[in-house]
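A.B. asks: Here it is: the structure, laid out below.
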Amino acid sequence: MSTLARKKGVGAVIWDYLTTVDHKKIAILYLIAGGIFFLAGGVEALLIRIQLAVPNNDFVVGGLYNQILTMHGTTMIFLAAMPLVFAMMNAVVPIQIGARDVAFPFLNALGFWLFFFGGVFLNCSWFLGGAPDAGWTSYASLSLESPGHGIDFYVLGLQISGFGTLIGGINFLVTIVTMRAPGMTYMRMPLFTWTTFVASALILFAFPPLTVGLILMMMDRLFGGNFFDPAAGGNTIIWEHLFWIFGHPEVYILVLPAFGIFSEIFATFSKKRLFGYSSMVFATVLIGFLGFMVWAHHMFTAGLGPVANAIFAVATMAIAVPTGIKIFNWLFTMWGGNIRFTTPMLYAVAFIPSFVMGGVTGVMNAAAAADYQYHDSYFVVAHFHYVIVGGVVFGLLAGAHYWWPKMFGKMLSEKLGKVTFWLFFIGFHLTFFIQHFLGLMGMPRRVFTYLPGQGWETGNLISTIGAFFMATATVVLLINIVVTTVKGKKADADAWGDGRTLEWAVASPPPEYNFAQTPLVRGLDAYWIEKMEGRKGLTPAEPLGDIHMPNPSILPFIISLGLFIAAFGFMYHKQHSWSLFVGIAGLLITLGSMFLRSVIDDHGFHIHKEEILEAENKGVKA
Amino acid sequence: MKKWLLNWRLFSLFSVMALLLAGCGKPFLSTLQPAGEVAHMQYSLMLLSTAIMVLVIIVVTIIFVYVVIRFRQRKGEEKKIPKQVEGSHKLEIIWTVIPILLLIILAVPTVSATFKLADVKPMNKEKRDKNTVVVNVRANLYWWEFEYPDYGIITSQDLVVPTNQRVYFNLKSSDVKHSFWIPAVGGKMDTNTENKNQFWLEFDQKAADKAGGIFYGKCAELCGPSHALMDFKVKALPRKEFDQWVEKMKHAKPVVTDPVAKQGEEIFNKSCIGCHAVTPVDKRPEQARTAPNLANFGDRERIAGILDHTEANLKKWLKDPNSVKPGNKMAGTYGNLTDEQINALTKYLMSLKVE
């Protein structure tokens with residue numbers, strides 16, 4: 001059986017993607033699904049900004065506005081940023097460490113489909129009686145008060161997609177620990193691999209508290225529990241703790257991989273090795289560790305008392321130190337370099353001042369006594385958008401442009417890429433800078449309207465105009481993708497010509513097996529070392545031989561589909577008694593598929609030496 | 001110097017100043033125009049932290065701009081490979097130690113202010129001074145109740161406080177979580193559903209004069225469809241006037257003379273009195289007080305917290321509450337009223353005054 005490139009029909013391609021366990025195809029699935037959710041979240045953001053453009057507007061009011069606001073936050077964090085980060089990790093990390101796939105290819109596919117069905121389930125709420133409306137934080141007293149099924153969609157949808165994320169995180173931990181090529185010691189790993197490693201560890205510890213919180217809330221909403229009902233001895237503050245013990249590390253789960261992407265890009269386009277590599281690794285680990293020590297700074301006004309507030313204030317400030325180390329290391333990576341301003345590099349360069357602004361307002365927020373003013377005002381909205389957009393979204397856009405040729409084999413248009421960048425960059429600052437001042441001038445967060453005469457008109461109008469710049473940028477990006485797909489220039493293996501890490505040594509897109517021979521890694525920036533010594537390829541660590549590959553499987557899809565059905569069943573069980581059976585049937589589908597997976601022997605298959613030789617020769621000629 | 005140049009300079013100076021002042025927001029609402037001890041303490045922390053942070057930004061920006069311009073690729077240098085530098089211990093230590101020092105400069109006043117703002121010992125019930133003013137704030141779905149336990153009076157929507165002294169607050173919520181925030185006067189504190197939070201604020205007389213005697217209050221925690229409309233107002237009075245107000249409130253009773261208002265009173269007593277009280281001395285337990293106390297409704301700043309205080313707006317509110325505040329708890333509790341009934345009710349409600 002030959003699985004190597006051959007023209008296929010549309011149906012066959014779809015089936016291929018439904019059953020694939022190849023990390024590169026899963027990366028594309030994550031990219032497409034995350035991209036679509038990113039567009040949905042973007043449209044929601046536009047609706048919000050249109051409503052707030054002028055005082056007393058009635059475009060989307062009250063409950064509907066709250067639904068849009070909730071879905072904007074939830075979608076952007078869980079359904080756009082997380083999967084897009086996973087897209088980058090899947091596309092790059094196994095190749096960066098010289099592996100042929102992740103440790104658990106089957107689980108990798110399962111992780112994607114769980115995320116996907118969770119996200120689809122959550123968005124079904126729009127068509128089935130209304131979306132969740134208690135904010136992405138879904139604080140317990142409000143979310144228990146919320147009528148309809150909106151919050152149920154939130155609880156069950158996030159639970160399902162959260163399982164997917166947890167599985168993905170564990171998979172990358174194991175992959176990085178066990179699958180590194182010979183010579184790839186920890187201190188030779190590229191920084192994107194390092195940040196993936198730390199972010200995966202954060203996922204491992206941060207998602208379980210969310211799972212617990214969601215289960216408690218599911219019990220309260222659907223099965224008569226009283227965990228968050230003070231009248232029955234419950235306590236809503238517990239939800240806040242559980243949510244933020246997850247929620248704060250979540251920020252680092254998103255931003256650390258973005259830091260990794262920037263580290264790769266700075267080094268590549270400055271043609272210099274990363275300045276202070278070991279302190280960058282140290283800073284990454286330290287940020288990950290401290291990320292778990294600061295959650296209560298989201299609750300400074302909840303009444304925890306001065307002792308707790310003071311401790312968490314100081315702990316939060318401490319995070320600025322390793323983050324500062326990173327910023328200066330990036331600056332000094334460029335220092336003395338030969339900087340090429342490609343589109344990914346533009347994002348990376350623009351990231352520094354943008355993210356520093358978000359970082360310093362973070363330190364301002366950490367000053368607990370002053371935070372009583374900032375908390376839940378537009379100042380905070382400005383702060384976290386500076387961090388998430390200026391850090392994570394810039395990182396993802398940079399990474400997408402940087403690795404696009406590697407993933408798809410074609411170069412995105414640099415001209416359109418730069419147009420996208422400038423529109424997005426200007427729009428971003430236009431939208432969010434002014435919001436700092438709106439907050440300081442007394443504008444609370446999450447308001448659907450405001451009265452005239454409070455001094456907020458100009459600021460809000462400017463902010464809305466900025467949002468349209470970002471929307472235009474996104475449209476240009478989409479045009480770029482379409483144009484590239486239709487008639488893009490074919491990319492070389494070392495697509496940018498300055499690649500340093502292993503992924504640039506294999507063809508674009510890489511063959512199914514990544515490396516014909518597992519490479520021998522001889523130092524940091526393994527491919528750069530080989531190039532500097534005048535070699536074309538990598539030093540192999542093994543003779544050419546048959547390569548063992550995992551079989552594709554439809555089971556991950558079916559397991560996830562079962563949970564999707566089960567969630568509907570359990571959600572409606574109070575209205576319709578038969579609905580409970582739907583729920584049980586869904587669980588049976590899931591458990592049945594898991595049973596099948598356990599009992600059927602699946603030994604995978606081999607790609608034979610001759611096929612590899614043939615493919616490699618073709619690749620060289622092309 | 002030419003005259004036009006001078007004029008132009010003055011003009012630009014004034015426009016910059018105007019921009020700065022406009023940038024500080026309204027005196028009744030902005031945290032940048034602090035109107036009391038708490039707000040001042042927080043404002044100075046803001047200034048300190050902003051100064052440190054701007055310093056950081058300036059340093060980063062200078063290095064950033066220099067690097068990006070100086071080390072950009074020039075024509076003909078495409079192939080040049082720069083020196084591969086590993087790092088520098090000296091530099092790394094510098095940019096680790098300096099931030100730590102900056103953070104210590106910020107951390108010390110932060111911790112000190114955090115403890116100062118949490119000092120609510122004077123509101124201890126047993127040892128409470130006679131002059132100490134304590135207000136029980138109870139947040140409800142889209143309205144605020146203010147109870148003065150030492151005076152036995154209750155009001156809602158418009159908080160009345162004495163100036164130039166610390167006022168202590170007990171904060172709680174009776175349904176979902178809200179947050180009590182008077183931006184110009186001080187930071188916010190949440191009203192939780194399971195416990196009572198306590199803090200204090202001080203209202204400065206001079207700032208109150210500048211703000212026109214009224215500060216704006218906001219709900220700062222998402223609480224449902226009308227979260228954006230859950231405003232309240234704060235009347236800050238000199239202590240003497242505050243004491244007079246308390247006396248008036250203690251003895252306030254509705255006095256109805258106008259015949260139309262009398263009609264309104266009858267309708268009110270039939271349809272509204274189950275939830276709304278019309279005397280400030282409301283002895284019912286708080287669970288029974290499910291709607292705002294209306295004893296001084298005629299003196300209020302706003303209808304339903306957000307509309308201008310006019311008869312037309314009151315009629316609009318009574319006719320269709322959901323059109324004003326979506327998701328409020330009053331809509332649908334009193335059946336349909338005819339225009340005539342609404343007119344009568346309006347007359348009656350507007351006549352409820354203590355001042």
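A.B. asks: Suppose the chain between B:Ser271 and B:His251 were pulled fully straight at 0.36 nm per residue; how much longer would it get relative to their current alpha carbon spacing?
C.D. replies: The B:Ser271-B:His251 span can extend by a further 4.7 nm.
A.B. asks: Also, I was wondering about something else. Using Cα centres only, tell me the gap between segment A:543-586 and segment B:25-71 in whole Å.
C.D. replies: Rounded to whole Å, the Cα centres lie 51 Å apart.
A.B. asks: In whole angstrom, how far apart do the alpha carbon centroids of segment A:128-155 and segment A:235-309 sit?
C.D. replies: A separation of 27 Å, based on Cα centres.
A.B. asks: Just name one of A:Cys124, A:Ala615, A:Trp15: the one whose Cα is farthest towards the positive end of the charge dipole of the protein assembly as shown (beta-carbon charges, Lys/Arg +1, Asp/Glu -1).
C.D. replies: Comparing the listed Cα positions along the dipole, A:Ala615 ranks first.
A.B. asks: I'd like the mean, over residues of A:370-383, of how many other protein chain beta carbons sit within 10 Å of each residue's own Cβ.
C.D. replies: The shielding value for this peptide is 6.
A.B. asks: Let me ask something else. On the first, second and third principal axes, largest extent first, how far apart are the outermost C-alpha atoms of segment B:93-149 in Å?
C.D. replies: Principal extents (Cα only, largest first): 57, 34, 14 Å.
A.B. asks: Run the simple label-point estimate for A:Lys574 and B:Lys240 please: 7 Å along Cα→C-beta, distance reported in nm.
C.D. replies: Simple spin-label model gives 5.9 nm for this pair.
A.B. asks: Which FRET efficiency value, to the nearest 0.05, is calculated for A:Ala231 and A:Phe59 with the Förster distance at 35 angstrom and r the Cβ-Cβ distance?
C.D. replies: That pair, A:Ala231 with A:Phe59, gives E of 0.40.
A.B. asks: Averaged across the residues of A:54-64, what count of C-beta atoms belonging to other chains lies within 10 Å of each residue's C-beta?
C.D. replies: Partner-chain Cβ atoms within 10 Å, mean over residues of A:54-64: 2.
A.B. asks: How shielded is A:303-311 by partner chains, expressed as the average number of their Cβ atoms within 10 Å of its Cβ atoms?
C.D. replies: 5
A.B. asks: When only Cα pairs under 8 Å and 6 or more residues apart are kept, what is the percent relative contact order across chain B?
C.D. replies: Relative CO of chain B lands at 17 percent.
A.B. asks: Separation of segment A:23-92 and segment A:598-619 by C-alpha centroid, Å?
C.D. replies: Going from one Cα centre to the other spans 39 Å.
A.B. asks: Moving on to the next point. Placing unit charges on C-beta atoms (Lys and Arg positive, Asp and Glu negative, everything else neutral), compute the dipole magnitude of chain A about its Cα centre in debye, rounded to 20.
C.D. replies: That gives chain A a dipole magnitude of about 1580 debye.
A.B. asks: Under a point-charge model restricted to the Cβ atoms of Lys and Arg (+1) and Asp and Glu (-1), what is the dipole moment magnitude of chain B relative to its Cα centre, in debye to the nearest 20?
C.D. replies: 1320 debye
A.B. asks: Using Cα positions and a limit of under 19 Å, work out the lysines in reach of B:Lys315, with same-chain residues fewer than 8 apart set aside.
C.D. replies: Reachable lysines: B:Lys262, B:Lys270, B:Lys325, B:Lys329, B:Lys347, B:Lys353.
A.B. asks: Follow-up question, since we're still on this one. Please give the charge dipole size of segment A:422-520, origin at the Cα centre, charges +1 on K and R Cβ atoms and -1 on D and E Cβ atoms. Round to the nearest 20 debye.
C.D. replies: That gives a dipole near 260 debye.
A.B. asks: If you take the charge dipole of chain A about its Cα centre, with +1 on Lys and Arg Cβ and -1 on Asp and Glu Cβ, which of A:Ala491, A:Val60, A:Ile434 is farthest toward its positive end?
C.D. replies: A:Ala491
A.B. asks: Still on this structure: What nm value, rounded to one decimal, do you get for the distance between B:Asp209 and A:Glu145 when each label is placed 7 Å out toward the C-beta?
C.D. replies: 4.0 nm
A.B. asks: Just want to confirm a number: the relative contact order over segment A:96-180, from Cα pairs under 8 angstrom separated by 6+ residues, in percent.
C.D. replies: Computed over segment A:96-180, the figure is 49 percent.
A.B. asks: From Cα pairs below 8 angstrom and at least 6 apart in sequence, can you work out the relative contact order of chain A, rounded to a whole percent?
C.D. replies: 16 percent
A.B. asks: If R₀ is 41 angstrom, what is the calculated FRET efficiency for the pair A:Ala541 and A:Ile32, using the beta carbon separation as r and rounding to 0.05?
C.D. replies: It comes to 0.75.
A.B. asks: Is the shape of segment B:259-351 best called rounded, prolate or oblate, per the rule: a/c under 1.5 gives rounded, else a/b larger than b/c gives prolate, else oblate, with a ≥ b ≥ c the square roots of the Cα gyration tensor eigenvalues?
C.D. replies: rounded
A.B. asks: Against the 2.2 N^0.38 Å scaling, with N counting residues, where does the protein assembly as shown land? I'd like the Cα-based Rg ratio to two decimal places.
C.D. replies: Rg over 2.2 N^0.38 Å, computed on Cα atoms: 1.03.
A.B. asks: Helix B:239-250: angle to the longest alpha-carbon principal axis of chain B, degrees 0 to 90, nearest 10?
C.D. replies: Computed tilt is about 40 degrees.
A.B. asks: Please give, to one decimal in nm, the separation of the simple spin-label points placed at B:Glu301 and B:Ala51, each 7 Å out from Cα toward the Cβ.
C.D. replies: Each label point is offset 7 Å from its Cα along the Cβ direction, giving 3.3 nm.
A.B. asks: Please sort A:58-69, B:312-323 by packing, taking for each peptide the average over its residues of neighbouring beta carbons within 10 angstrom, highest first.
C.D. replies: Descending packing order for the listed peptides: A:58-69, B:312-323.
A.B. asks: Work out the FRET efficiency for A:Leu613 and A:Asp16 from their Cβ-Cβ distance, taking R0 = 30 Å, and round it to the nearest 0.05.
C.D. replies: According to the calculation, E is roughly 0.80.
Read the figures in this text as sums done on the coordinates, not as results from a lab. Please read these numbers as outputs of a predicted model, since none were measured by experiment. Ideal geometry is used to build each Cβ from the backbone, glycine not excepted, and the neighbour counts take in all protein chains shown.
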